[in-house]
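Please read through the structure below; I'll follow up with questions.
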Amino acid sequence: MRTWRLDDHDGRTARQTLVLAARGDRLPQCVYWGPPLPPEADLATLAAAHAIDVTGGMLDENPDLSLCPEASRSFPGQPGLILRDAGGTPILPRFHYHSDKQDGEALTLGYADPDHGLTLTFHFAPDPATRIIRARTTLRADSPIHLHWLAAPVLPAPQHSDEMIDVSGRWIGEFALNRTPWSPGIRYRENRTGRTGHEHFPGLLIPCTGATNTQGEAYGFHYGWSGGHRMIAEELPDGRRQIQFGHATGKELRPATRFESAELHLTYSGYGLNGCAVAFQRHVRDRVVTWPDAARPRPVHYNCWEAVYFDHDLPLLRDIATRAADLGAERFVLDDGWFGQRDDDTRSLSDWTVDPRKYPDGLDPLIEHVHGLGMTFGIWFEPEMVNPDSDLHRAHPDWALGAHDQTLGRQQKALNMALPEVRDFLFERMAEILGNHAIDYVKWDHNRVLPMPDADQTRGSYALIDRLRAAFPAVEIESCASGGGRIDFGILGRTQRIWLSDSNDALERLRIQHDAALFLPLAVTGSHVGPRRCHTSGRILDIRLRAWVAAQRHMGFEMDPRELTEHEAAVLRNVTAWWKDNRDWMTRADIHRLDASDPAVIAEQQQARDGSRFVVFAGKAATSTQIAPRPLRLTSLEPGATYRVALCDADALPALSRGTPLLKDGPVDLPGAWLMHHGLVLPWDFPETMAVIEGRRL
Ligand code: GLA
């Protein structure tokens, strides 16, 4: 028996231990993943204790649920690897131990199949600070082979769990959580659209029975790849459960000698879904994202899209910029419409030269005006796309990906990013704009799915972003794809912000942000105050709700500021000032989702890592069933410590709040145990409002 253990040990404490064990030379399997085991635990005994019984109707020995289950060893579920040789004949590998290396907490396990000239390597890297274990699988072949499926290291799922939570969604409805009960067979998700997609965020949470946001055990998985993933959550006939993640199948279109999964991010939590959420949030912010200047406060954005769309007029944009700066904006982002002959979305994508009709003296007059107001300047590109009605498509129709008679999406095709000449062209055009102007930000869009899945396309996009970042290291990038269509840790390794949704409807955004916080921190999550009457829902929402919902994440504005009444402008200025006063600690804070007992309430607690302060955002998304607000329980406080809690904006409550709950009168000192077990008693308020409560440990 060979055994290995991984602990996310930071010298003092560990939160999780993962134990791998292999029978003889066979592939290892995970025999334990959960709270830390004592250092002296005998791993061989654990491995033996893990084995399940055999009865009638079973094989004489249960096939291992290994890191890459092998079809050739009677494994009763989906295999971890599906291959063919160059001639198309299926290969059924059988791997044997080759090497292992433990370097600090990082572990590399090498396995070989000499008969087929294959080696399979598993990499694990636990991160003690973020509590994430990164895992990936590499396959090498002596001669080129066809890959259909390669799973990142395969792990078991707990059997004391009733359901799994994965993520779907749609345009203006991202991060919809699906709860699926476990049952024999497979929950299978496969994204064949070629981009991460609104519908397919590659994450999975497995709550153990009874777990909620704040309590119980849970397991979290995220596959960091932007080209579409496949997930298998399978219950085997013997009751064991396996989780597989990898690239969508059949996306390696050419035979090759080396294939690699993306990184699978894993975490175990002993305190509910929040333990997974906080681990993912910290990992994204502190490990995945590469910040040009990590100390720079996140600037308040102004984006002109919903104010002017394609109708760019320099004097008007100047006026808008002046008003945006007055409200507190610090970065002005010029959206779609500045290039080619882009008067609507039917033409000019890929013609990345400034439109002289709209900008006769180029972009500098606008940029200088924006700089004069103390803001920096950002600009929109959609590099991977081309309209058939464009100079580039007329010159190089063969640069488009897919058939010439393919169905268009938003009147556009994708460019073939695997072609070096396409990447060179895009690099030169973008470098021309970025190199000749003082621009510190690119909003990078991707507004259609691919005509067919192709991993080379994703690698080509990554290569272009990497090259631009190397050439312009101070420029930050926002990943947008009709809102949240390209959000994953692969793209976040190359960008600093995601445009979570095209919905600036604060009610919808409240819900989307809440669910996205299972994986994403404030630092990367853009959120804008939209027009009074929302352009994607038609809803009219009060400025307070709109402002506070944006203040929950990386704040910005996207309406035409000329529509704001004096009252609305004053509220927005105040909330923006509040956000600037708090952003330093909030950017680094953990977002804990609260278990509100009122289904109308969507609430979260953003808490500094040292626990010294927090802010609770309790959004009342609908009308409550009961007449008085139910107490709202907080989480992750010190039971014995006292906290001073204060309600922001108490003077904005409606006259229908007639009573005197203590919080209306000013700050209150309460023990952590009270806040977590009794819960905060909030004043009555209208639906579609947000209560904001600040807390400090005394
Ligand atoms: C996409 C984005 C929007 C905007 C438009 C511009 O839809 O999601 O925010 O940038 O493109 O065409």
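Normalised by the number of residues in the chain, what is the relative contact order in percent for Cα pairs under 8 Å and 6+ residues apart?
Once normalised by length, the contact order is 10 percent.
What longest range of the chain stays clear of loop-exposed GluC sites (Glu not before Pro) (DSSP non-H/G/I/E/B, at most 11 other C-beta within 10 angstrom)? Don't skip to the answer; put the middle values down first.
Values: sites that count: E40, E61.
Longest site-free region, per DSSP loop and neighbour criteria: 62-698.
Take the Cα radius of gyration of the range 132-203 and divide it by 2.2 N^0.38 Å, with N its residue count; two decimals is plenty.
Ratio of Rg to 2.2 N^0.38 Å for the range 132-203: 1.40.
Note down the relative contact order for the range 1-126 as a percent, whole number, built from C-alpha pairs under 8 angstrom at least six residues apart.
Averaging sequence separation for qualifying contacts and normalising by length gives 18 percent for the range 1-126.
Please list, by residue number, every one of the trypsin sites (Lys or Arg not before Pro) in the range 128-162 that is coil in DSSP and has at most 16 other beta-carbon atoms within 10 Å.
Sparse-neighbourhood loop trypsin sites (Lys or Arg not before Pro): none present.
Here is a further query. Which ³J(HN,Hα) values in Hz, rounded to whole numbers, follow from the phi angles of the range 298-303 under the Karplus curve 6.51 cos²θ - 1.76 cosθ + 1.60, where θ = phi - 60° and Gly and Pro get x?
For the range 298-303, the Karplus-derived couplings read 4, x, 5, 8, 10, 10 Hz, x marking Gly and Pro.
Kirkwood Rh over alpha-carbon pairs of the range 273-349, then Stokes-Einstein at 4 °C and 1.567 mPa s: what D in µm² s⁻¹, rounded to an integer?
84 µm²/s
When N counts the residues of the range 531-624, how does its alpha-carbon radius of gyration compare numerically with 2.2 N^0.38 Å, as a ratio? Show your work: numbers first, answer last.
Values: Rg = 14.6 Å, N = 94, 2.2 N^0.38 = 12.4 Å.
After normalising by residue count via 2.2 N^0.38 Å, the value is 1.18.
Right, here's the next one. In deg cm²/dmol and to the nearest 500, what is the mean residue ellipticity at 222 nm of the chain if only DSSP H runs of at least 4 residues count, each as -39500 (n - 2.57), divided by the residue total?
After summing the helix terms and dividing by residue count, I get -6000 deg cm²/dmol.
When Rg is the radius of gyration of the Cα atoms in the range 25-170 and Rh is its Kirkwood radius, what does Rg/Rh come to?
Radius of gyration over Kirkwood radius for the range 25-170 works out to 0.98.
Can I ask one more? How far apart, in nm, are two points set 7 Å out from the Cα along the Cα-to-Cβ line at Q215 and at D85?
Each label point is offset 7 Å from its Cα along the Cβ direction, giving 6.0 nm.
Also, quick follow-up: For each of C304, C276, C208, count neighbouring Cβ atoms within 10 Å of the residue's Cβ, then give the residues from fewest to most.
C208, C304, C276
Bin all alpha-carbon pair distances of the chain at 20 Å intervals from 0 and give each bin's fraction as a whole percent.
17, 48, 30, 5, 0
A further question on this structure: Pairs on different chains or at least eight residues apart, Cα atoms closer than 29 Å: how many lysine pairs in the chain fit?
9
Something else: Gap in Å between the Cα centre of the range 259-310 and the Cα centre of the range 573-646?
Using only Cα atoms, the two centres lie 20 Å from each other.
Now, a different point. Semi-axes of the equivalent ellipsoid of the range 627-667: what are they in whole Å, largest first, if each equals the square root of 5 times a C-alpha gyration tensor eigenvalue? Don't skip to the answer; put the middle values down first.
Details: eigenvalues 111, 35, 14 Å².
For the range 627-667, the semi-axes come out at 24, 13, 8 Å.
What three numbers, in Å, describe the spread of the alpha carbons of the range 629-698 along their principal axes, ordered from the longest?
Computed over the range 629-698, the largest-to-smallest principal extents equal 36, 20, 19 Å.
Can you put I165, I491 in order of Cβ neighbours within 10 angstrom, beginning with the fewest?
Starting with the residue having the fewest Cβ neighbours, the order is I165, I491.
Points 7 angstrom from Cα along the Cβ direction at R179 and H678: gap in nanometres?
Once both label points are built, they end up 3.0 nm from each other.
Can you work out D for the range 1-44 in µm² s⁻¹ from Stokes-Einstein, where Rh is the Kirkwood radius over C-alpha pairs, the temperature is 10 °C and the viscosity is 1.306 mPa s?
D = 146 µm²/s.
Report the far tail of the P(r) of the range 600-644, meaning the percent of Cα-Cα pairs longer than 14 Å.
Every Cα pair in the range 600-644 considered, those over 14 Å come to 56 percent.
If you don't mind, another one. In the range 592-683, what trypsin sites (Lys or Arg not before Pro) fall in a loop by DSSP, with at most 12 other Cβ atoms inside 10 Å? Before the final figure, lay out the partial values.
On the way: sites: R593, R609, R613, K620, R633, R644, R658, K664; in loops: R609, R633, R658.
Counting only loop positions with at most 12 other Cβ atoms within 10 Å, the trypsin sites (Lys or Arg not before Pro) in the range 592-683 are R609, R658.
Within the range 316-383, which trypsin sites (Lys or Arg not before Pro) sit in a loop by DSSP and count at most 14 neighbouring Cβ atoms inside 10 Å?
Passing both the DSSP loop test and the Cβ count: R357.
List the relative contact order of the range 413-486 as a percent without decimals, with contacts defined as Cα pairs under 8 Å and 6+ residues apart. Please report the intermediate quantities before stating the final value.
Numbers: 66 pairs, mean separation 34.2, N = 74.
So the answer I get is 46 percent.
In a Debye calculation with equal point scatterers on the alpha-carbon sites of the range 369-418 and no solvent, what is log10 I(q)/I(0) at q = 0.21, 0.22, 0.25 Å⁻¹?
Computed log10 I(q)/I(0) values: -0.70, -0.74, -0.92.
Now for a separate question. Counting C-alpha atoms alone, how compact is the range 465-586: give Rg to one decimal and Dmax as a whole number, in angstrom.
Radius of gyration, then largest Cα-Cα span, for the range 465-586: 15.1, 46 Å.
Can you say what percent of the DSSP beta bridges in the chain, counting only those with both residues inside, are antiparallel? Round to 5.
Given both bridge residues lie in the chain, the antiparallel proportion sits at roughly 80 percent.
Now for a separate question. For T3 and E638, FRET efficiency with R0 = 35 Å and r from the beta-carbon atoms, rounded to 0.05?
Once the sixth-power term is evaluated, E becomes 0.40.
Answer with one residue from V288, S261, N274: the one whose Cα lies farthest towards the positive end of the charge dipole of the range 218-292, charges on Cβ with Lys, Arg +1 and Asp, Glu -1.
V288
A follow-up question, please. With r defined as the distance between the Cβ atoms of D162 and E368 and R0 fixed at 51 Å, what FRET efficiency is calculated, to the nearest 0.05?
With R0 = 51 Å, the Cβ-Cβ based efficiency is 0.25.
Cα-based Rg of the range 538-694 per 2.2 N^0.38 Å, rounded to two decimals?
Numbers: Rg = 15.6 Å, N = 157, 2.2 N^0.38 = 15.0 Å.
Rounded to two decimals, the normalised Rg is 1.04.
Can I ask one more? Go ahead and run the numbers for FRET between S99 and A256, Cβ-Cβ distance against an R0 of 22 Å, rounding to 0.05.
Working: r = 23 Å, r/R0 = 1.03.
Using R0 = 22 Å, I get an efficiency of 0.45.
Still on this model: For the range 386-479, max minus min Cα coordinate along each principal axis, in Å, sorted largest first?
40, 27, 23
All of the numbers you see were taken from the coordinates with simple rules; none came from a lab. The structure displayed is predicted, hence computed values, not measured ones. So basically every Cβ, Gly included, is an ideal-geometry build from the backbone, and we count neighbours across all protein chains shown.
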